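Colleague: Just dropping this structure here.
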Amino acid sequence: MIPYKVAYEVNQRINQSVKYRRDIDLYQKLDHWTPAILEGDCEDYALAKRKKLLELGYPLKYIRLATCWTNFGEYHAVLIVTTDQGDFVLDNNHREPKTRQELMYKWDKIQQGSKWYKIS
């Protein structure tokens, strides 16, 4: 498991260090998944957070990418991590980790290992 404090710090650090910028503006593509360094969109934030947690030595089984629709109807990607306090969503739209229920997003898919599964 990942300590909640580590999840909180990684979420906050990446959110503060990356400027939001759409893929079309950065890569001239509608969708391009790569870990954000200085700029990126939602999946780039999520990939940067995943990369950082893996670098810190946490196993992939506790770190899952997920996709959803926000309350504004936008398709969105986040990172879901299993912590010592339960599962939390690391989201570039929120400073602190949130539970899936707190976000009230409409969940679509979650990655487990190398496979994606529909969330019902």
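Colleague: With every protein chain left in place and a probe of 1.4 Å, what is the accessible surface of Glu55, to the nearest 10 Å²?
Modeller: About 120 Å², ignoring ligands and nucleic acids.
Colleague: Roughly how many Å² is the accessible area per residue of the stretch 1-118, as a whole number, for a 1.4 Å probe? Don't skip to the end; give the middle numbers.
Modeller: Working: 6870 Å² over 118 residues.
Using a 1.4 Å probe on heavy atoms only, each residue of the stretch 1-118 averages 58 Å².
Colleague: Now for a separate question. Work out the length of the dipole vector of the chain about its Cα centre, built from +1 on the beta-carbon of each Lys and Arg and -1 on the beta-carbon of each Asp and Glu, and round it to the nearest 20 debye. Provide the component values of the computation, followed by the final result.
Modeller: Numbers: 19 positive and 16 negative charges, 54 e Å.
Result for the chain is approximately 260 debye, rounded to the nearest 20.
Colleague: Assuming a strict under-15 Å limit between Cα atoms, what lysine pair count do you get for the chain once near-sequence pairs (fewer than 8 apart, same chain) are dropped?
Modeller: Summing the qualifying lysine pairs gives 12.
Colleague: Can I ask one more? What size of dipole, in debye to the nearest 20, comes out for the stretch 1-47 about its Cα centre when the only charges are +1 on Lys and Arg C-beta atoms and -1 on Asp and Glu C-beta atoms? Please list the in-between numbers first.
Modeller: Values: 6 positive and 8 negative charges, 40 e Å.
Approximately 200 debye in magnitude.
Colleague: If Lys and Arg each add +1 and Asp and Glu each add -1, what is the summed charge of the other residues whose beta carbon sits under 11 Å from the beta carbon of Thr34? If you can, show how the numbers build up before the last one.
Modeller: Working: positive: Lys29, Lys51; negative: Asp23, Asp31, Glu39, Asp41, Glu43, Asp44.
Overall, the nearby charge balance is -4.
Colleague: Keeping the other protein chains in place, figure out the carbon and sulfur percent of the accessible area of the chain, with a 1.4 Å probe.
Modeller: Details: 3670 of 7050 Å².
The value for the chain is 52 percent carbon and sulfur by accessible area.
Colleague: Starting with the highest mean, order 39-48, 109-118, 58-67, 88-97 by the number of other Cβ atoms within 10 Å, averaged over the residues of each peptide.
Modeller: On the way: 39-48: 23.0, 109-118: 11.8, 58-67: 17.2, 88-97: 20.4.
Ranked from most to least packed, the peptides come out as 39-48, 88-97, 58-67, 109-118.
Colleague: Can you tally the net charge around Phe88? Count Lys and Arg as +1, Asp and Glu as -1, for every other residue whose Cβ sits under 14 Å from the Cβ of Phe88. Don't skip to the end; give the middle numbers.
Modeller: Details: positive: Lys5, Lys49, Arg50, Arg64, Arg95, Lys98, Arg100; negative: Glu9, Asp84, Asp87, Asp91, Glu96, Glu102.
Taking every other residue near Phe88 into account, the sum is +1.
Colleague: Testing the spin-label approximation: label points 7 Å from Cα along Cα→Cβ at Gln12 and Gln85. State their distance in nm.
Modeller: Going by the 7 Å Cα→Cβ label model, 1.1 nm.
Colleague: Next question. Pick out which of Ile80, Ile24, Ile37 has the largest mean-square fluctuation in a Gaussian network model of the chain, springs linking Cα atoms closer than 10 Å.
Modeller: Per the Cα network of the chain with a 10 Å cutoff, Ile24 tops the list.
Colleague: State the Cα centre-to-centre distance between the stretch 45-120 and the stretch 17-33 in whole Å.
Modeller: The distance from the Cα centre of the stretch 45-120 to that of the stretch 17-33 comes to 19 Å.
Colleague: I would also like to ask the following. Any idea which of Leu26, Thr67, Ile14 is furthest toward the positive side of the dipole for the stretch 1-82, if Lys and Arg beta-carbons carry +1 and Asp and Glu beta-carbons -1?
Modeller: Value: Ile14.
Colleague: A further question on this structure: Residues of the stretch 41-80 with amide nitrogen under 20 Å from the 7 Å Cα-to-Cβ point of Lys106?
Modeller: 42-43, 66-79
Colleague: Let me ask you something else. Can you give the helix-only mean residue ellipticity at 222 nm for the chain, where every DSSP H stretch with n ≥ 4 adds -39500 (n - 2.57) and the sum goes over all residues, rounded to the nearest 500 deg cm²/dmol? Could the numbers behind the result be given before it?
Modeller: Working: 4 runs with 37 residues, N = 120.
For the chain, the value works out to -9000 deg cm²/dmol.
Colleague: Tabulate in residue order the Karplus-calculated ³J(HN,Hα) for the stretch 111-116, using 6.51 cos²θ - 1.76 cosθ + 1.60 with θ = phi - 60°, rounded to whole Hz; enter x for Gly and Pro.
Modeller: Result, rounded to whole Hz: 9, 10, x, 9, 10, 9.
Colleague: I need to check one value: relative contact order of the stretch 1-73, counting alpha carbon pairs closer than 8 Å and at least 6 residues apart, in percent.
Modeller: Details: 66 pairs, mean separation 20.0, N = 73.
About 27 percent, as a whole number.
Colleague: Through the Karplus equation 6.51 cos²θ - 1.76 cosθ + 1.60, θ set to phi - 60°, convert the phi angles of the stretch 96-105 into ³J(HN,Hα) values in whole Hz; use x for Gly and Pro.
Modeller: 10, x, 10, 7, 4, 5, 5, 6, 6, 6
Colleague: Round to the nearest 0.05 the FRET efficiency obtained for Asn71 and Glu96 when R0 = 22 Å and r is the Cβ-Cβ distance.
Modeller: After rounding, the FRET efficiency stands at 0.80.
Colleague: So what are the ³J(HN,Hα) numbers for the stretch 57-65, from phi and the Karplus equation (6.51, -1.76, 1.60; θ = phi - 60°), rounded to whole Hz, Gly and Pro as x?
Modeller: Coupling constants for the stretch 57-65: x, 7, x, 4, 4, 9, 10, 9, 6 Hz.
Colleague: Given H placed 1.01 Å from N in the peptide plane, which residues other than close sequence neighbours of Arg21 have an amide H under 5 Å from its amide H?
Modeller: Placed amide hydrogens put Gly40, Asp41 under 5 Å from Arg21.
The values are calculated or read from the model by the stated rules, or taken from the named source; none is laboratory data. Everything numeric here is computed off the predicted structure, so don't read it as measured data. Every residue, glycine among them, receives a Cβ derived from its backbone with ideal geometry; neighbour counts consider all protein chains shown. Just the protein is used for accessible areas: all its heavy atoms, side chains included, with ligands, DNA and RNA removed. Shrake-Rupley method; radii C 1.70, N 1.55, O 1.52, S 1.80 Å.
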